[in-house]
1. May I ask what percent, to the nearest 5, of DSSP beta bridges between residues of the chain are antiparallel?
2. Relative contact order for the chain: what is it in percent, counting Cα pairs under 8 Å that are at least 6 residues apart?
3. Just to confirm a number: summing +1 for Lys and Arg and -1 for Asp and Glu over residues other than residue 139 whose beta-carbon lies under 14 angstrom from that of residue 139, what do you get?
4. Starting from the 7 Å offset along Cα-to-Cβ, what nm value, one decimal, do you get for the label separation of residue 196 and residue 178?
5. Compute the length gained on full extension between residue 216 and residue 116: take 0.36 nm times their separation in residues and subtract their Cα-Cα distance, giving the result in nm to one decimal.
6. Nearest 20 debye, what's the magnitude of the dipole of the chain about its Cα centre given +1 on Lys and Arg Cβ and -1 on Asp and Glu Cβ?
7. Taking the Cβ-Cβ separation of residue 16 and residue 341 as r and a Förster radius of 60 Å, what is the calculated FRET efficiency to the nearest 0.05?
8. Residue 465 versus residue 147, label points 7 Å from Cα toward the beta carbon: distance in nm?
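The values are calculated or read from the model by the stated rules, or taken from the named source; none is laboratory data. All values derive from a computational prediction rather than experimental measurement. Cβ sites come from the backbone with ideal geometry, for glycine too, and all protein chains shown count toward neighbours. Note: accessible area is taken over every heavy atom of the protein model, side chains too, but ligands, DNA and RNA are not part of it. Shrake-Rupley method; radii C 1.70, N 1.55, O 1.52, S 1.80 Å.
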Amino acid sequence: MSRLQALTRAAEYFDSGGFRADLARRVAFRTESQVAEQQAVLAQYLIDELLPWVERLGFVGRIVDNPVSGFGPFLIARRVEGSELPTVLVYGHGDVIRGYAAQWRAPLDPWSLCVEGDRWYGRGTADNKGQHSINLGALSSVLWARQGKLGYNVTLLIETGEEVSSPGLHALCAAAREELAADVLIASDGPRVSAERPTVFLGSRGAVNFTLRLHLRSGGHHSGNWGGVLANPAVILAHAIASMVSQQGVMRVAGLRPPPLSESVREALSDISIGGDVGDPAIDVAWGEPGLTAAERVFGWNTLEVLAFTAGNPEHPVNAIPPAALAHCQLRFVVGTDWTHLGDHLRRHLDACDLTQVEVEVEVAPGNAATRLPPDNPWVTWVLESLERTCGKKPALLPNLGGTLPNDAFAEVLGMPTIWIPHSYPACSQHAPGEHLLGSVAREGLQLMAGVFWDLGEGAPVPARNLA
């Protein structure tokens, strides 16, 4: 058997309808982790769908209750061929965002896979059922081509709470550190830089949410009778926001600005373009940190975003000065940012701007730390060469994803190199009505991952850590 036969087998899995059948069955599970009534379905997805599937590949698995009460379980499955061999950890998540079925256009239904041309519609097709189905299908193809022997060990970890910030994942990794130990994480989530270009990213930006609140009085007062003598909390809060972010989107809170971009990060981003796919929004070229490219602003810098801003009754405004104003905000940040002291930095900044009355409340749930594997790590060179060998195209290399994933559980708690190979694209309508996977990207992804899993059997780029 050969590498080419593994790639051919992966393509046949797609062309024969096997991948479509598996994905359709998985999409039908309503694994909405934000809906309490669907908690039992989260376990069913692991027990009835994934565990039997991977057991047929020779895995031995177990369902693990979440250490955090009230949230979905985990699947840990291991396939061990030898303690002296390399071990790869493969991660995915089986939960999805709410279906919002009423918002999908006919005949689309979030819980039924519908194929229209190259677009495969259904909740979870892009995030993340389609992506971990690609990786499992590719692994199955390589097992067939290698006649049941991979030449390395595989540990599979599937969680069911990623869409609610992965409660329990970090605690599980700490508690099951030996069971989950591996030489490298190879996982898939998030989008490529474009549909046409295979992509690798090495971590993710962190994220933490916070609220700005100003409450001046108990009720609204007529704007004609009291305007000019009563302070307007919406105006004051707007100035507070403007003090933190300029009208060109430049971060003004000194303690929350990132360190300068390293040369290795700049080099990795030098050939990365942002946008340009059908359905992508037009980029505002004058927005963001001056002196940076669009790619450097998204993948190498920090942003402070206002997610929602309310005062009074926006749907039915009346002639009254509102008593209070509130803004929900978010910091996206890269490695090197002092994000754990976010509240302190904001408080000092607002006080210095004579905005002492504005309250700052950092979200109780901890944010996700930023992570980034150095681009010169041997695993990075190895996976880039594997992907290019398969598809004949130079993959895009991102030091980190612009969004946020629980990568710190693997990079920091488990202490392993992290490689992410996404199989979606920016205009996939992730989290929105009309979420879809591109069939062309799925087929290519199956072959790309079959190449990676084949090449790992030929030898890892660094000596195995004797973990199994």
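1. 70 percent
2. Dividing the mean separation by the residue count of the chain yields 27 percent.
3. Here the charged neighbours net out to +2.
4. Once both label points are built, they end up 5.2 nm from each other.
5. Net length gain for the segment: 30.6 nm.
6. Value, rounded to 20: 300 debye.
7. 0.65
8. About 3.3 nm separates the two model spin labels.
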